[in-house]
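A quick write-up on the structure given underneath.
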Amino acid sequence: MLSRGVKQLGRLRPCSQGILPSFACRGFASPTLPELTKDRYPHVKRGEFAKLDQNHLKFFRDLLGENRVLNDPSDCEIYNVDWNRNVRGYSDCVLKPKTTQEVSQILSFCNEHRLAVSPQGGNTGLVGGSVPVFDEIVLSLSLMNNIISVDDTSGILVCEGGCVLEYLDEQLANHGLMMPLDLGAKGSCQIGGNVSTNAGGLRLLRYGNLQGNVLGIEAVKANGEILDCLSALKKDNTGFHLKHLFIGSEGALGVVTKVAIQCPAKPQAVNLAFLGVKSFDNILTTFRRAKRELGEILSSFEMIDEQSIGAVMGHLKVKSPIDNHPFYVLFETQGSNDAHDQEKIHRFLENIMGDGTVLDGTVTNEPSKMRAIWDLRERIAEAFLHDGYVFKYDITLPLEKFYSIVDVMRERLGSDVLRCCGYGHIGDGNIHFTVTTKEFSKDILKRIEPFVYEFTSELKGSISAEHGIGFRKPQYIHYSKSDAAIHLMKELKKLMDPKGILNPYKVLP
Amino acid sequence: MARVLVGVKRVIDYAVKIRVKPDKSGVVTDGVKHSMNPFDEIAIEEAVRLKEKKLASEIIAVSCGPTQSQEVIRTALAMGADKGIHVEVSGKDYETLQPIHVSKILAKIAQNEKVDMVIVGKQAIDDDSNQTAQMTAAVLDWPQATFASKVEKGDKEITVTREVDGGLETIKCKLPVVISADLRLNEPRYATLPNIMKAKKKPIAKVTPKDLGVDVSPRITVVSVEDPPVREPGVILPDVDALVAKLKEGGHV
């Protein structure tokens, strides 16, 4: 049968894709909506905010036009539920501005009339921070998706906050550059949201934090004032570095409308290895040696356990390159010369297999194979959703104890749960510990929280490595931050947003 | 047990976005990631499975192309082929290398190596020619089983299920035979580390078309290579009457 060969392949071996927030496109096993947040968490009370009325809607429609103001409950549904299907608000108003001016006018109006606002990017956040808790107006940045400039020489990108991460990466490729961060949600997450949550991701090991890569930010304060700190300069020590107020503050201090980012050169040579090992200790050994023997070319070092990969292979039918092993390591190298890198990698792999630290594995530099292998790591979160309900945790622990949380929790939960497993950025000491059950259970939740946070706190770890605080974790911040620090955060919030209209009920206890 | 020859082609990796050169003479290949043609991976996989079932004794991987084609032969060796033959064709000769040349090359090697089966992918994802298997069979005057989605080997013959437009056709062919692999024949294995290491020691012989007595003079000239036309945006119509009017206007009704 004559056909375009490539088209045939596309159908049977889907490329890694972003995960669309829309229910219509998800095709998941069970499209059941979670309970309304206000019902599941009755102790959280709606604040003293105004209720949306026709006058408010008229203002928005006059400002944005009919098409960019959503008011129908069914249209608003996807904006009300988070990606993990943990929480659900009941907002009946979604605004879609196209310019910073419009954002400014919206916030100024909301501030004046005491209307609560929930800023939203790609809605891929995992701590319930990107959707309304009650009926807050959703301020979606999705239409602010223009690239303003790319400087080939300095590698500096300036763009609007609604640009999707994968799109930015594709455009930058034309300039020989790449985004300094990468995460599984890249097909849907927006850079404004990434910055607001100080997203980490798969390449933090090599390219560092957004705290370092973001050179400038333009944000709009709660009262509508536009704060232009968008200097696209690597060095600019002129006064307090205000941009840091918005990096990681999860929309509580302002809405990020533009970003200037330092982008590294796109590597000429990328290699990916997938290894099977017997024990967690083998992973640590492999990591130590990889740092030494691969050093400057190591760009990512991830770990997956048997149950996590089982979810991806079982629910999403992604194939593993090797047989079953209790643990897997996925590491990537990026460099400027493929021949050099391959020599280093092959020597490393020969040695580490020769002495039995690693039992089996594969290595490749072919884009199609690398994408297929990355799917085994990047689609784990998506796969868990097919189990039913996902209790997801994101903690930093000392490396030696990285996997201990899973062992301890397995004992605590036994066979009352479907899965109790962990995977994640072992290179950064950050494990995504996850429990899945068929349905939400208050009992299971009680057995996990606050134990998991106490356990983390005792080991002086972080109760939220990269996902942030959002709605699910304000009451646990004290496990990782001092009272004085939390107090100062509250002062800053009062200063920047006296009426508390930006993302209320979240981030701060 | 059969001796098997597998043809493998180095093509641009199917996950890479293809770009046409500004002068329209071809696509950009410099600095672009290449890998083994996916249908050839399926061909190698089938050969290796035959060997694992003790139905094949030796697998020879052959590739025609510049020096980099050796990488694709190494992958074949890592998947389980025993030895490789690199037919060096580079520069202008490679740009105009066509299935008619490749089939003569494969046929000659098949005769030299006294193979019983030639397996290739049904088509390459760069030119979509779908000719090499058929032409090779013709040159050798061997039976051909193309678009194979299942192969069963008997003593002196094979039973092959073919994917055809009308459904599935099952045929029997006497050995020696040429087979072309279709998508559903199997799912190729990843080359695992121990095999990747072993493959480094397997031999790759180098020959030229001249050594094989094959003339690779160009039989075609590429006139131009262009992007497919940009898809026109759709038009949203207010009601069914407008739709009918538009359809009539376009001569569709």
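The values are calculated or read from the model by the stated rules, or taken from the named source; none is laboratory data. These figures come from a predicted structure and were not determined experimentally. Because the Cβ atoms are built from the backbone with ideal geometry, glycine has one as well, and the counts that use them run over all protein chains shown.
In table form, for the structure just shown:
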{"quantity": "Flag if A:Leu349 is facing chain B (nearest Cβ under 9 Å) and out of contact with any Pro (no Cβ under 8 Å at 6 or more places or on another chain)", "calculated": "yes"}
{"quantity": "Checking B:Ile220 against (1) of a type in the set (Val, Ile, Thr); (2) touching a Leu at 6+ places or on another chain (Cβ under 7 Å); (3) loosely packed, with under 14 Cβ neighbours inside 10 Å, the condition it does not meet", "calculated": "(2)"}
{"quantity": "Only one of A:Asp92, A:Asp75 that is over 18 Å from the mean Cα position of the chain (by Cα), in a helix (DSSP H, G or I) and of a type in the set (Asp, Glu)", "calculated": "A:Asp75"}
{"quantity": "Candidate set from the range A:409-447 (those that are within 21 Å of A:Tyr41 (Cα to Cα), in contact with a helix residue (DSSP H, G or I) (Cβ under 7 Å, 6 or more places away or on another chain) and among the hydrophobic types (A, V, I, L, M, F, W, C)); member that is surrounded by the fewest Cβ atoms within 10 Å (Cβ to Cβ)", "calculated": "A:Ile444"}
{"quantity": "Test: residue in the range B:234-252 that is surrounded by fewer than 17 Cβ atoms within 10 Å (Cβ to Cβ), at pLDDT 95 or above and of a type in the set (Lys, Arg)", "calculated": "no"}
{"quantity": "Elements of type strands (runs of 3 or more DSSP E) contained in the range B:1-96, each with 3 or more residues being closer than 19 Å to B:Pro176 by Cα and touching a helix residue (DSSP H, G or I) at 6+ places or on another chain (Cβ under 7 Å)", "calculated": "B:2-7, B:56-65"}
{"quantity": "Any hit, the range B:109-120, residues being within 14 Å of chain A (Cβ to nearest Cβ) and within 17 Å of the chain's Cα centre (by Cα)", "calculated": "yes"}
{"quantity": "Filter result (touching a helix residue (DSSP H, G or I) at 6+ places or on another chain (Cβ under 8 Å), surrounded by fewer than 18 Cβ atoms within 10 Å (Cβ to Cβ) and modelled with pLDDT of 95 or more) within the range A:471-509", "calculated": "A:Ile486, A:Leu492"}
{"quantity": "Options A:Val158, A:Val150: the member that is over 25 Å from A:Asp82 (Cα atoms) and in contact with a Cys (Cβ under 9 Å, 6 or more places away or on another chain)", "calculated": "A:Val150"}
{"quantity": "Failed criterion for B:Ser149 (all others in (1) assigned to a strand (DSSP E or B); (2) within 13 Å of chain A (Cβ to nearest Cβ); (3) over 23 Å from A:Lys369 (Cα atoms) hold)", "calculated": "(3)"}
{"quantity": "Residue among A:Gln334, A:Gln342 that is out of contact with any helix residue (DSSP H, G or I) (no Cβ under 9 Å at 6 or more places or on another chain) and either within 16 Å of B:Thr192 (Cα to Cα) or modelled with pLDDT of 95 or more (or both)", "calculated": "A:Gln342"}
{"quantity": "Out of A:Asp416, A:Asp407, A:Asp394, sole residue that is under 19 Å from the mean Cα position of the chain (by Cα), in the same structural domain as A:Ile431 (by TED's automatic domain parsing) and acidic (Asp, Glu)", "calculated": "A:Asp394"}
{"quantity": "Test: A:Leu64 is under 15 Å from A:Asp92 (Cα atoms) and assigned by TED's automatic domain parsing to the domain that holds A:Pro97", "calculated": "no"}
{"quantity": "Residue in the range A:168-177 that is more than 13 Å from A:Lys266 (Cα to Cα) and touching a strand residue (DSSP E or B) at 6+ places or on another chain (Cβ under 9 Å) present", "calculated": "no"}
{"quantity": "Single condition B:Ser63 does not satisfy, out of (1) in contact with a Gly (Cβ under 8 Å, 6 or more places away or on another chain); (2) free of Cβ contacts under 8 Å to residues at least 24 places away in the same chain", "calculated": "(2)"}
{"quantity": "Answer residue from the range B:170-207, given it is within 11 Å of chain A (Cβ to nearest Cβ) and not in a helix (DSSP H, G or I) and is nearest to A:Thr362 (Cα to Cα) among those", "calculated": "B:Thr192"}
{"quantity": "Some residue of the range A:297-320 being within 14 Å of chain B (Cβ to nearest Cβ), part of a loop (DSSP other than H, G, I, E, B) and either under 30 Å from A:Ile147 (Cα atoms) or acidic (Asp, Glu) (or both)", "calculated": "no"}
{"quantity": "Filtered residue count, the range A:251-290, keeping only those that are over 21 Å from A:Trp374 (Cβ atoms) and either crowded, with 24+ Cβ neighbours inside 10 Å or touching a strand residue (DSSP E or B) at 6+ places or on another chain (Cβ under 8 Å) (or both)", "calculated": "16"}
{"quantity": "Odd one out for A:Glu378, checked against (1) surrounded by 23 or more Cβ atoms within 10 Å (Cβ to Cβ); (2) in contact with a strand residue (DSSP E or B) (Cβ under 8 Å, 6 or more places away or on another chain); (3) away from chain B (no Cβ under 12 Å)", "calculated": "(2)"}
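Table: residues versus (1) away from chain B (no Cβ under 14 Å); (2) of a type in the set (Ser, Thr, Tyr); (3) over 25 Å from B:Val32 (Cα atoms).
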residue: A:Asp360; (1), (2), (3): no, no, yes
residue: A:Thr364; (1), (2), (3): no, yes, no
residue: A:Ser368; (1), (2), (3): no, yes, no
residue: A:Ser404; (1), (2), (3): yes, yes, yes
